[in-house]
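Note sheet for the following structure.
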Amino acid sequence: MGPSALAALATIDRLGPITPGELAGIEAVQPPTATRIVARLLEQELVRRSPDPADGRSSLISCTPAGKALLSGLRSRKDAYLARRLGELGERDLATLRRAAALLERMLEEERS
């Protein structure tokens with residue numbers, strides 16, 4: 001699975017159910033691209049499509065248990081990798097990362113307000 005499809009799956013998991021149009025906006029891709037990504041995810045049974053009760057012309061996309069399991073496994077592997085690599089850093093580098101994380105958190109909080 002490519003990075004675009006994986007990013008879309010994570011977005012659907014986090015925000016779904018969402019329309020393909022909403023997915024396109026969030027992922028900053030053209031609607032036909034989002035449609036192709038959703039089609040691939042549907043083929044792999046990682047998402048499901050259901051009618052949008054608010055708009056009969058559209059559909060809602062949500063993550064299936066298989067999609068959630070795939071994301072969970074990938075996140076676990078990434079977490080283990082990062083934990084191992086962080087364990088190799090010295091205190092000075094860890095302090096730098098703590099400051100950077102605090103800065104990023106502050107930026108996100110400012111964006112939300």
Across segment 20-49, what is the total count of residues that are touching a residue at least 40 places away in the same chain (Cβ under 8 Å) and either surrounded by fewer than 18 Cβ atoms within 10 Å (Cβ to Cβ) or in contact with a His (Cβ under 6 Å, 6 or more places away or on another chain) (or both)?
1
Please determine whether any residue of segment 67-81 is at pLDDT 95 or above, of a type in the set (Gly, Ala, Ser), touching a strand residue (DSSP E or B) at 6+ places or on another chain (Cβ under 7 Å) and within 27 Å of Gly2 (Cβ to Cβ).
yes
Positions within segment 76-113 being outside any helix (DSSP H, G or I) and surrounded by 10 or more Cβ atoms within 10 Å (Cβ to Cβ), in sequence order
Leu89
Answer yes if at least one residue in segment 51-65 is small (Gly, Ala, Ser), free of Cβ contacts under 8 Å to residues at least 12 places away in the same chain and surrounded by 12 or more Cβ atoms within 10 Å (Cβ to Cβ), and no otherwise.
no
I need the full set of residues from segment 8-48 which are assigned to a loop (DSSP other than H, G, I, E, B) and either of a type in the set (D, E, K, R) or closer than 9 Å to Ile61 by Cβ (or both), in order please.
Gly16, Pro17, Thr19, Glu45
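The values are calculated or read from the model by the stated rules, or taken from the named source; none is laboratory data. Being a predicted model, the structure only gives us computed values, none of them experimental. Glycine also receives a Cβ, built like all others from the backbone with ideal geometry; neighbour counts cover every protein chain displayed.
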